[in-house]
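Here is the structure we will look at.
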Amino acid sequence: MTAQTEWLIKGLRPLGNDPVDLHVKDGVIAAIGQDLVLDNDIQTLDATGLVGLPGLVDLHTHLREPGREDAETIETGSRAAALGGYTAVHAMANTDPVADTAGVVEQVWNIGRHVGLVDVIPVGAVTTGLKGERLAELGAMADSAARVRVFSDDGICVGDPGLMRRALEYVKAFDGVIAQHAEDARLTGGAQMNEGVLSGKLGLAGWPSVAEESIIARDCLLAQHVGSRLHVCHVSTAGSVELIRWAKSKGINVTAEVTPHHLLLTEDLAESYDPVYKVNPPLRRGEDVDALREALRDGTIDIIATDHAPHAVEDKECEWAYARPGMVGLEQALSIAIMTLSDGNGAVDWESIARVTSIDPARIGQLTEHGQGLMTGAPASFVLVDPAQSQTVDPARLASKGRNTPYAGLELPGKVVATFLRGTPTVLDGKVTK
Ligand code: DOR
Ligand code: ZN
């Protein structure tokens, strides 16, 4: 074995527990123990004080390749992901061309493998061209080398209930899941921000909660009716949380995600008219943020997914009404997970962080090689985080091409020191290794 594939990592705290040493060999965790002594001359990493987590898995990333390589490429997005502690990201289908055929998903998957910093798992479109008219070739994408299991028209809602029903039925054959962007477009025409008192005051057209909630209610009932698996993208309202809680209590097979920005930010940021805060679904009220945080803690919302949505400068730095919705998030998501899942006295709930950023996203995406935790025999895909360090966000220094971060200037807790993908470091000393 070469030195690069064999590592002794000393003194890391798995999920914040007592320090152990990790022996990484041939892409797997060969041994875990106290004071491991290995007689051969292998690379050692002093991880004293660092917390070890299973490599993060994002169920919702926009990489913009093919089509908008000026906004992000699979390579720049992979770099951002690795720096954020990710070992796998699901690349959303709203590219140009749309990822609605086996050919396109295999292309994305292959470029991801070639870059080699993170496993890029393509999401397949539900409908051809995201047009909402007929089903895309879901089976061919599932059977392709990319083994697509998550399908989504994200950015656009699958509005037709008959089509949604057929999609849910179709993916049962390979235990796939439909990830719905819940937005009844007939209620959000021209919408610019959350509908409420503030949208009236600012003179911006409103995006009402009911546009999200009515689709979630409908789709939960459809999933129940056909006995299939539904995933709800970027849940943003307290009412949505109640509906998902109800559906889960009925045994309906639904999972849900929340984004870092919906956990942290509220609609009043729109008062600045700075389009960096424009996103779909929009930032909501403080009550919604509280409900989302509570739902993440109690498991009603299963996971944090970034909805990393890089945009070219000209698409974001313009008048609010013309700006594209979306924010970058891969490089900050773990910090926001730490902020959200700590008790206010500095005690971080690392176990929940591992659950919502790795274990459950891997389970929902059917990624057997990820989200396994730090166990002997498991793939050596993990992240080492220094909870004592913080990062002040400087848009100019992001690895993502997107500069559209709502966290500019904020000091966020935690720093990714190292990321390993199947035994090979993709990040060391806080820097991408290639
Ligand atoms: O804000 C968003 N941006 N929400 C989406 O659903 C799509 C995304 C994008 O593609 O930019
Ligand atoms: Zn999205």
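Results, tabulated for the structure shown:
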read-out	value
Positive dipole terminus of the chain, leading residue within PHE382, SER214, LEU38 (C-beta point charges)	SER214
Summed side-chain charge close to ASP429 - residues other than ASP429 whose Cβ falls under 12 Å, Lys, Arg +1, Asp, Glu -1	0
Approximate spin-label separation GLN366-GLU169, in nm, with each point projected 7 Å along Cα-to-Cβ	1.9
Proximal aspartates and glutamates to LYS248, defined as alpha-carbon separation beneath 16 angstrom and excluding residues fewer than eight positions away on the same chain	GLU213, ASP219, GLU257, GLU294, ASP298, ASP302, ASP360
Amide H contacts under 5 Å for VAL328, placed H, 5+ residues apart	ALA309, ASN404, THR405
Fewest-first ranking of CYS157, CYS233, using other Cβ atoms within 10 Å as the exposure measure	CYS157, CYS233
Linear extension gain, GLU242 paired with GLU133, 0.36 nm per residue minus alpha-carbon span	36.2 nm
Geometric extent, Cα atoms of region 1-101 - Rg, Dmax (angstrom)	18.1, 53
Mean Cα-pair separation over length for region 209-309, i.e. relative contact order, pairs under 8 Å, 6 or more apart, %	31
Length added when fully stretched, ALA408-LYS250, from 0.36 nm per residue minus Cα-Cα	52.7 nm
Value of relative contact order over region 373-420, rounded to a whole percent, pairs C-alpha under 8 Å and six or more apart	50
Phi-based couplings in Hz for region 31-36 (Karplus 6.51, -1.76, 1.60; Gly and Pro marked x)	7, 10, x, 7, 6, 4
Residues of region 84-98 with amide N under 18 Å of the 7 Å Cα→Cβ point at GLN389	84-87
Karplus 3J(HN,Hα) series, Hz, for region 137-152 with 6.51 cos²θ - 1.76 cosθ + 1.60 (x for Gly, Pro)	7, 4, x, 5, 5, 5, 7, 6, 4, 6, 6, 5, 10, 10, 10, 7
Net length gained if the chain between ASP96 and LYS201 were fully extended (0.36 nm per residue, minus Cα distance)	34.1 nm
Relative exposure of TRP246, TRP350, judged by other C-beta atoms within 10 Å (fewest first)	TRP246, TRP350
Degrees between helix 209-226 axis and first principal axis of the chain (Cα, 0 to 90, nearest 10)	70
Sequence of TYR273, TYR322 once ranked by neighbouring C-beta atoms within 10 Å, starting from the fewest	TYR322, TYR273
Rounded to 10°, Cα long-axis angle of helix 286-298 versus longest principal axis of the chain	50
Vicinal HN-Hα couplings computed from phi for region 61-70 (Karplus, 6.51 cos²θ - 1.76 cosθ + 1.60; Hz; Gly/Pro x)	10, 9, 9, 6, 10, x, x, 10, 5, 6
Amide proton proximity set for VAL126, modelled H, under 5 Å, gap of 5+	SER152, ASP153
Amide hydrogen neighbours beyond the local backbone of GLY371, cut-off 5 Å, H modeled	GLY55
Contact order normalised by residue count of the chain, Cα under 8 Å, 6+ apart, percent	19
Nearest-0.05 FRET efficiency for ASP35 and THR433, computed from C-beta distance (R0 25 Å)	0.35
Residue pairs, from the table LYS316/LYS431; LYS10/LYS431; LYS201/LYS250; LYS172/LYS316; LYS25/LYS172, whose Cα atoms sit over 30 Å apart	LYS201/LYS250; LYS172/LYS316; LYS25/LYS172
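Where a number appears in this text, it was derived from the coordinates with a stated rule and is not lab data. Nothing here was measured: the structure is a model prediction, and the numbers come from that model. FYI the Cβ positions are ideal-geometry reconstructions off the backbone, even for glycines, and counts take in every protein chain you see.
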